[in-house]
Amino acid sequence: MNEKIFVSIASYKDSDLINTISDLYYKAKNPKRVFVGLFIQDAFDQINKTNILLHPNNHPHSKNIKIKTIFFEQAKGCGWARNIILKELYNNEEYFMCVDSHSRFLKDWDEVYIHKYKNAPENAVISAFPQSFEFGQSYEEYTKKNIGTIYTPNGLPWTSEFNQPHCQRHPKVSYEKVMSVSGGNIFGDYRLPKAITLDNYIYKYNQEQEIYSLLIFLYGLDVYAIPKNIVWHKYISGDSYRDIFVPNKIKYELDFLTNLKYKEKSRTIDEWVALIKEDCEACKKTKQLNL
């Protein structure tokens, strides 16, 4: 079985995008089974440059890459962009993965992730917060940071209780059930995109991870963090390799808890909120891991 993997990448004015796509395919054990849904939000010249670099004459896996583009002024946030990818570019591949447009990957990441998923508990989604890489670092350097992390807020993220510092720690077991997901490192089967796709994503641009956690829970899936770090992330530092999205006169729906009540089936939003609160309380008693 070929076991196709769809990889969702939403890119907002990010100069590391091509490097990310190149690394994704170069590090894959079987790059032919990797299908990318790419949503580029950028200026005209950068969109044109990216299209040229990913043209069949210039990229060996271009036939596996679906591209949607808009000018960056039309962007409405990462969650909105990823929802467009789900609705317009995903094609019912067996596995689904979501990463950021500034990522690096473990050698044979596709084989490793599929193996980890097949050995996970039933109804699993795998997500842990990636370790970091820096430009100029070799693979041997950044892969020394080889244990993923669990991130837990110390207050409900959609309320005024949400403040720094939050908790980061390594998973304690091979598959640790958690409530928080990393938008830049999620892996699951075909049920995951079904769980997180919305008819219209109208929610605040920085609440995507909480919304994904809720939608996954309501669908009947459970999130597990694994110790093995498979994706590395370029976190914002002094350099300006990408712009940060800033909403401009966009009207968001702020009360996603009420708005998503129609998604309730065997599980409820109240149950999810209670579990998030338990995590928040545990965070307050946990020493923060400074990475």
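The values are calculated or read from the model by the stated rules, or taken from the named source; none is laboratory data. Keep in mind it's a predicted model, so treat the numbers as computed, not measured. As a convention, Cβ positions derive from the backbone with ideal geometry for all residues, glycine included, and neighbour counts pool all protein chains shown.
Applying the selection to region 200-220, what residues are surrounded by fewer than 21 Cβ atoms within 10 Å (Cβ to Cβ) and among the hydrophobic types (A, V, I, L, M, F, W, C)? If the condition is that a residue be surrounded by fewer than 21 Cβ atoms within 10 Å (Cβ to Cβ) and among the hydrophobic types (A, V, I, L, M, F, W, C), then ILE202 is the only one that fits. Scanning region 59-81 finds one or more residues that are touching a helix residue (DSSP H, G or I) at 6+ places or on another chain (Cβ under 8 Å) and surrounded by fewer than 14 Cβ atoms within 10 Å (Cβ to Cβ). In region 170-177 there is no residue matching the filter, namely being touching a His at 6+ places or on another chain (Cβ under 7 Å), surrounded by 14 or more Cβ atoms within 10 Å (Cβ to Cβ) and at pLDDT below 95.
Cβ separations smaller than 7 Å between residues 6+ apart or across chains give the following pairs from region 43-69 residues that are without any contact (Cβ under 8 Å) to a residue 12 or more places away in the chain to residues that are assigned to a loop (DSSP other than H, G, I, E, B) and of a type outside the set (D, E, K, R): ILE52/ASN58; SER62/LEU54; SER62/HIS55; SER62/PRO56; LYS63/PRO56.
Taking the stated definitions as given, is TRP232 aromatic (Phe, Trp, Tyr), surrounded by 22 or more Cβ atoms within 10 Å (Cβ to Cβ) and outside any helix (DSSP H, G or I)? Criteria met by TRP232.
Among the residues making up region 94-104, those that are surrounded by 24 or more Cβ atoms within 10 Å (Cβ to Cβ) and farther than 18 Å from ARG242 by Cβ are PHE96, MET97.
Taking the criterion of being surrounded by fewer than 17 Cβ atoms within 10 Å (Cβ to Cβ) and either touching a helix residue (DSSP H, G or I) at 6+ places or on another chain (Cβ under 6 Å) or at positive phi (or both), the only residue of region 31-42 that qualifies is PRO31.
Based on what the data block shows, is PHE39 part of a strand (DSSP E or B) and within 30 Å of PHE256 (Cα to Cα)? Yes: the conditions hold for PHE39.
Every test in (1) in contact (Cβ under 8 Å) with a residue 40 or more places away in the chain; (2) among the hydrophobic types (A, V, I, L, M, F, W, C); (3) in contact with a Leu (Cβ under 8 Å, 6 or more places away or on another chain); (4) assigned to a helix (DSSP H, G or I) is passed by LEU24 save one, and that test is (3). Selection within region 178-235: residues that are closer than 21 Å to GLU278 by Cα, among the small types (Gly, Ala, Ser) and touching a strand residue (DSSP E or B) at 6+ places or on another chain (Cβ under 6 Å). The member of this set that is modelled with the highest pLDDT is ALA225. When GLY155 is tested against (1) over 17 Å from VAL7 (Cβ atoms); (2) assigned to a strand (DSSP E or B), just one condition goes unmet, and that condition is (2). Summed over region 235-276, the residues that are among the basic types (Lys, Arg) and surrounded by fewer than 14 Cβ atoms within 10 Å (Cβ to Cβ) give a count of 4.
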